[in-house]
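Inspection log for the structure reproduced underneath, given as structure tokens.
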Amino acid sequence: MRKIIGLLFLIILAFSSQAQKFTISGYIKDAETGESLIGATLLHLKTSSGSSANTHGFYSLTLPKDSISLIYSYVGYQPTTMQFFLKRDTVIIINLQSSTVLNEVVVRGTKADPIHESTKMSTLSVPIEQIKALPAFMGETDILKVLQLMPGVQSGNEGSTGLYVRGGGPDQNLMLLDGVPIYNASHLFGFFSVFNADAINHVELIKGGFPARYGGRLSSVIDINMKEGNMKKVKGEGSIGSISAKVTVEGPINKDKTSFIVSARRTYIDVLAQPIIRAQAKREGSQTTAGYYFYDLNLKLNHILNPRNRLYFSTYLGNDKAYAKSKYTDTYDTISTKTDDQFSLRWGNVITAARWNHVFGPKLFSNVTTTYSRYLFDISQKFQETQNTPSISEEYFSGILYHSGIRDWAAKVDFDYLPSPNHFIRFGANNIWHRFSPGVLAFRSSDEGDTTLGANPTSAYEAAVYAEDDWKISQRLKLNAGVHASAFAVENEWYYSIQPRISSRFLLSDDFSFKASYSSMTQFIHLLTNVGIGLPTDLWVPSTARIRPQQAKQVAIGFAKTYKSQFEFSLEGYYKKMYNLIEYKDGASYLNIEGDWQDKVATNGEGESLGMEVLIQKKTGAVTGWLGYTLSKAVRQFDELNFGKEYAYKYDRRHDISLAMTHEWNKRMDFSMAWVYGTGNAITLPIATYESASSNYNSPFSYGNSEATYYGDRNSFRMRSYHRLDLSFSWWKDKKWGQRKWALAVYNAYNRLNPFFINLEYRHDNPFSPGSKKFVQYSLFPVIPSITYSFKF
Amino acid sequence: MTRKAFVLITLTAIGTACTTIVDFDIPLDKPWVVVNSLFSPDSVWQVHVSYSRNILDSRFGSFDPVRDAEVNILDQNDHVIETLSGSPDRFFQYTYKGKTKPTSGEFYSVQVKVKDKLLKAASLSPIAVPITSLDVDSSAFKSQGEAVEMSITFKDPGETKNFYEVKVLRDGFYVYNQDTIRYVENLFVEPVDPAMNNDNSNGASKLLKDNLFNGKNYVFRIKLRSYRIYPENPPRVRVVLQSVTEEYFRYFVAQSLQNNTSGDPFAQPVQIFTNIENGLGIFAGYSSSVVELK
């Protein structure tokens, strides 16, 4: 092994010592805010050598001693050209000017990092401004809902923020906020995600061809970076929508040295509904309050110690809470009774990250991070009754509490090493200490004492090391090859995994390339979920001695083309095989919290998914957007389910089309639309009833004809297809204090009743008819208009 | 409580939801033929043959019997032992009955011919496993109603995979039109060991598999509530340990699970096991050991 590493370094040395070379390094930033521009590129025009800024905005490019001309560019920014004679290692901190400052008509992008050039495949990044410009459900911009519009990504149920990527499950997405995993990304039972777009700088979705630096999930990586805070001046923005309001303030604490950003959001349905609830309670003679709200808070501090060292601290805190409190007093004769009933349902995430960026030299960059992530769900009810008579006072109480969750402490170190323009080497290691609490129910009452049911918390340790190189072998051939090795320890059981990753591109012409990738992934944790609508009761559980880690292998091939520097076209085909999947057994319900979870799941399942994705994207100009189409098939097979036969995955979607577009008429008005179409979700429906056998003797009073229901194969029916059109029209105006904007949006503009679930019911034509059985489709959201006022200063 | 909360939330969501009646392509003209037969050495062969009903058929009550079926019982060499003849029974159903009884330890198969359709199934008539002892702890009476704990001991044969059903039967009677009608009913069996308190039930009785006690003496402790309604005139109570086949076990576990989860829109629907080739239902054997409580 040592020999191989030595040989590798010799080869790299040989490459880098062919001529006298120097390195240009530095950061690429927004000129207005000082914000790092993640993924911004620089290109040496003469040799076509280039590099891109990492997730901290750092770049490095080594070139021969010569007169050089460099062009720096980024989507939504004016390219900047630098010409100078390179005769020593040079540090350049480049500030790119946003297009919005320069142009009459705002453009969302300029030519940058063309799709056909990169080794990345199955990777999508949507500019945050474009995300914010698209129509928003109830006025609340949602990053995950925009990602659902991308090919290869299914949305699950109506209105949900769930992501099902290339036939994978909802637990197979690694959602990272500033490098910290988020375990439950949903608010309001999945209708909104926890990511507040005002606090976000960059979003990237990887569906395949995973670079070796990522691990721990099978199907996707959603890497979201928070803004760092404006280094130049205090800025703010906010909005008031149909259901929520939010505000973000950012600015320098010490100009060009230390910055902050704080962003908060809260719904106010509970506040608006309070007068109605109180009036109703007054009529009933009780004191009742009830409501639901969610809130979240993002905070980030960014401090530049010196050109070589930077510190970051970021935190996210979010909670959903539903509550009901009722007090009632009744007096009858000489007896008075007081009751106090309280109910509470709460779930939320807390994540924290502290990071230290260190530049060792122009070619070596490091990032050390420690993180904490916690997801907690609890539900409680307390009841107290006091009865007073002239002679005696009696009290009865009962309380019940159920809680579950997961908590991680993690530390990681990542290095970026750029020895030459032809190599971008990344390597690093990470450790995670997990603690799983998969459901504990505690019951207490004045009659029966204390009872506790459920599984004990489980601790587990996960570690990984990785190395990868983005290697430009020739002008035409470039590859990213690496390996991710991981281990997991739980209940005296160790699991190991070596996961090779490779992706490559071959230039067929100047703007057209062929790409191919292979990735092997291992996931040591599982999510127990059976409805897939982001319910907070979903349980994260570890691999155990009985439940083995999930694994996946994926291959993808495709073509990428850039047309007239404005359009990007990609066509990809993929095949993914998944092993050791788990799923609730027949009859299991999230309502059932008793017993060991391991007894409720079918294990060693296999999944297979294949498909073809087309994406045509326009990132520049007054009209931007994309058209995506996916043709796919996803199946599952478990020995214990469906009598061992293969069945369609619930979110198998044969056809999926999405069209998203924004049009900026002028500096004061824009219009956007999104239309989606998808084959209906697979469901299991009853087909027949039949006489069932009975071995029991029944009392004659309970005797009845035994009846069983025949369901046929699992998921053998399809709901109606899903389609929806959302529209949005915004107009804004400059004010003395800044800018204000009104956005009028319509969700489901042509009022399509899309299926949420199907139920078998008796329907009566009139009150006297015996009724007949019908399948009834329930839909959640008809046409929903919303208006949002937002401001910037 | 969790259930209440989520049902409330779900109902709220449903209450505000829009509904549409939808049509699914479920073939109305092709009922399945259903064959049900649970056989034991204690009784002659009996097979019920009926038609299934389309799920959208709104009729209640008995399923249409198949009156023109040819029902044969075959031994393990595929020789016809007996052709059963059909007649209505006292529960207004139609039953195909024979004159012979199965023998413990033998394999049997059934062939049912309905028009041009042939349905087949096979199962073992298992050997009964005796109850070696039965202890009743009457001191375990609880505050709420009468309850009793019982320990049922038996020796599991080690060489095979075994399945059991434990039942407690009580005789009862009622008076109708001055006639005394006698009946037998199952009492609800509740395991004392929480590890056994799973979904493996068949109505009131409990189904066991021997993976935790293969080849060993096993003491199955149960709790019975409403054990004796009339302590002054106690009815006859029998404890039954049935050796059942794997088909029997799988069929009734799934059937019970389907009943328990019906009405829960978030539960994954339960498919009931069948071993009837070209049809639905169950053909499975069992053998009983009975101890009567004095």
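The values are calculated or read from the model by the stated rules, or taken from the named source; none is laboratory data. Predicted model only: the values in this text are computed from it and were never measured. Every residue, glycine among them, receives a Cβ derived from its backbone with ideal geometry; neighbour counts consider all protein chains shown.
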Of everything in segment B:85-135, what is touching a Pro at 6+ places or on another chain (Cβ under 7 Å), assigned to a strand (DSSP E or B) and away from chain A (no Cβ under 14 Å)? Give them in sequence order. B:Tyr108
Tally time: how many residues in segment B:261-280 are within 7 Å of chain A (Cβ to nearest Cβ) and under 17 Å from A:Glu707 (Cα atoms)? 6
Sole residue being over 30 Å from A:Arg476 (Cβ atoms) and either modelled with pLDDT of 85 or more or part of a strand (DSSP E or B) (or both), chosen from A:Phe365, A:Phe415, A:Phe377: A:Phe377
Selection status of A:Arg714, within 27 Å of B:Val34 (Cα to Cα) and touching a strand residue (DSSP E or B) at 6+ places or on another chain (Cβ under 7 Å): yes
Of residues in segment A:781-793 being more than 7 Å from chain B (Cβ to nearest Cβ) and not in a strand (DSSP E or B), the one surrounded by the most Cβ atoms within 10 Å (Cβ to Cβ): A:Phe781
Here's a check for you: in segment B:143-174, which residue that is within 12 Å of chain A (Cβ to nearest Cβ) and modelled with pLDDT under 80 is farthest from B:Phe213 (Cα to Cα)? B:Tyr174
So, in segment A:245-281, how many residues would count as being modelled with pLDDT under 85 and out of contact with any strand residue (DSSP E or B) (no Cβ under 9 Å at 6 or more places or on another chain)? 4
Looking at A:Tyr575 and the list (1) surrounded by fewer than 17 Cβ atoms within 10 Å (Cβ to Cβ); (2) over 30 Å from B:Pro269 (Cα atoms); (3) modelled with pLDDT of 95 or more, which single condition is not satisfied? (2)
Would a scan of segment B:254-267 turn up a residue that is within 15 Å of B:Asn200 (Cβ to Cβ) and either part of a loop (DSSP other than H, G, I, E, B) or of a type in the set (D, E, K, R) (or both)? no
Could you figure out which of (1) assigned by TED's automatic domain parsing to the domain that holds A:Asp639; (2) small (Gly, Ala, Ser); (3) closer than 29 Å to B:Asn36 by Cα isn't true of A:Ser694? (1)
Filtering segment A:651-699 down to residues that are touching a residue at least 60 places away in the same chain (Cβ under 8 Å) and not in a strand (DSSP E or B) yields A:Tyr651, A:Asp652, A:Arg653, A:Lys667, A:Arg668, A:Gly680, A:Asn681, A:Leu685, A:Pro686
Which of the residues that make up segment B:52-70 are basic (Lys, Arg), under 12 Å from A:Tyr710 (Cα atoms) and in a loop (DSSP other than H, G, I, E, B)? none
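Residues are listed down the side, and each one gets a yes or a no for (1) farther than 22 Å from B:Val49 by Cβ; (2) among the hydroxyl-bearing types (Ser, Thr, Tyr); (3) modelled with pLDDT of 90 or more:
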{"residue": "B:Phe220", "(1), (2), (3)": "yes, no, yes"}
{"residue": "B:Lys223", "(1), (2), (3)": "yes, no, no"}
{"residue": "B:Gly263", "(1), (2), (3)": "yes, no, no"}
{"residue": "B:Phe273", "(1), (2), (3)": "no, no, yes"}
{"residue": "B:Glu277", "(1), (2), (3)": "no, no, yes"}
{"residue": "B:Ile282", "(1), (2), (3)": "no, no, yes"}
Can you name every residue in segment A:415-428 that is surrounded by fewer than 20 Cβ atoms within 10 Å (Cβ to Cβ) and either over 30 Å from A:Leu43 (Cα atoms) or touching a Gly at 6+ places or on another chain (Cβ under 8 Å) (or both)? A:Phe415
Would you confirm whether or not segment A:757-780 contains a residue that is within 29 Å of the chain's Cα centre (by Cα), assigned to a loop (DSSP other than H, G, I, E, B), in the same structural domain as A:Ala245 (by TED's automatic domain parsing) and within 15 Å of A:Met138 (Cα to Cα)? yes
Failed item in (1) in contact with a strand residue (DSSP E or B) (Cβ under 8 Å, 6 or more places away or on another chain); (2) surrounded by fewer than 16 Cβ atoms within 10 Å (Cβ to Cβ); (3) hydrophobic (A, V, I, L, M, F, W, C), with A:Ala749 passing the rest: (2)
Under the condition of being more than 30 Å from A:Ser49 (Cα to Cα) and surrounded by fewer than 18 Cβ atoms within 10 Å (Cβ to Cβ), which residue from segment A:401-414 is farthest from the chain's Cα centre (by Cα)? A:Leu401
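Residues are listed down the side, and each one gets a yes or a no for (1) in contact with a His (Cβ under 9 Å, 6 or more places away or on another chain); (2) of a type outside the set (Val, Ile, Thr):
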{"residue": "A:Gly50", "(1), (2)": "yes, yes"}
{"residue": "A:His56", "(1), (2)": "no, yes"}
{"residue": "A:Val75", "(1), (2)": "no, no"}
{"residue": "A:Gln83", "(1), (2)": "no, yes"}
Which residues, counting only those in segment A:708-727, are of a type in the set (Ser, Thr, Tyr) and not in a loop (DSSP other than H, G, I, E, B)? A:Thr709, A:Tyr710, A:Tyr722
Of everything in segment A:372-415, what is more than 14 Å from every other protein chain (Cβ to nearest Cβ) and acidic (Asp, Glu)? Give them in sequence order. A:Glu385, A:Glu394, A:Glu395, A:Asp408, A:Asp414
Residue selected from segment A:491-531 under the condition touching a Pro at 6+ places or on another chain (Cβ under 6 Å) and surrounded by fewer than 22 Cβ atoms within 10 Å (Cβ to Cβ), by the criterion nearest to A:Gly190 (Cα to Cα): A:Ser520
Number of the exception - B:Ser52 against (1) away from chain A (no Cβ under 12 Å); (2) under 21 Å from the mean Cα position of the chain (by Cα): (1)
Can you tell me how many residues within segment A:379-397 are of a type outside the set (Phe, Trp, Tyr) and crowded, with 17+ Cβ neighbours inside 10 Å? 3
Are any residues in segment A:743-777 more than 7 Å from chain B (Cβ to nearest Cβ) and of a type in the set (S, T, N, Q), and if so, which ones? A:Asn748, A:Asn751, A:Asn754, A:Asn766, A:Ser769
All but one of (1) over 24 Å from the mean Cα position of the chain (by Cα); (2) surrounded by fewer than 18 Cβ atoms within 10 Å (Cβ to Cβ) hold for A:Ile304; which doesn't? (2)
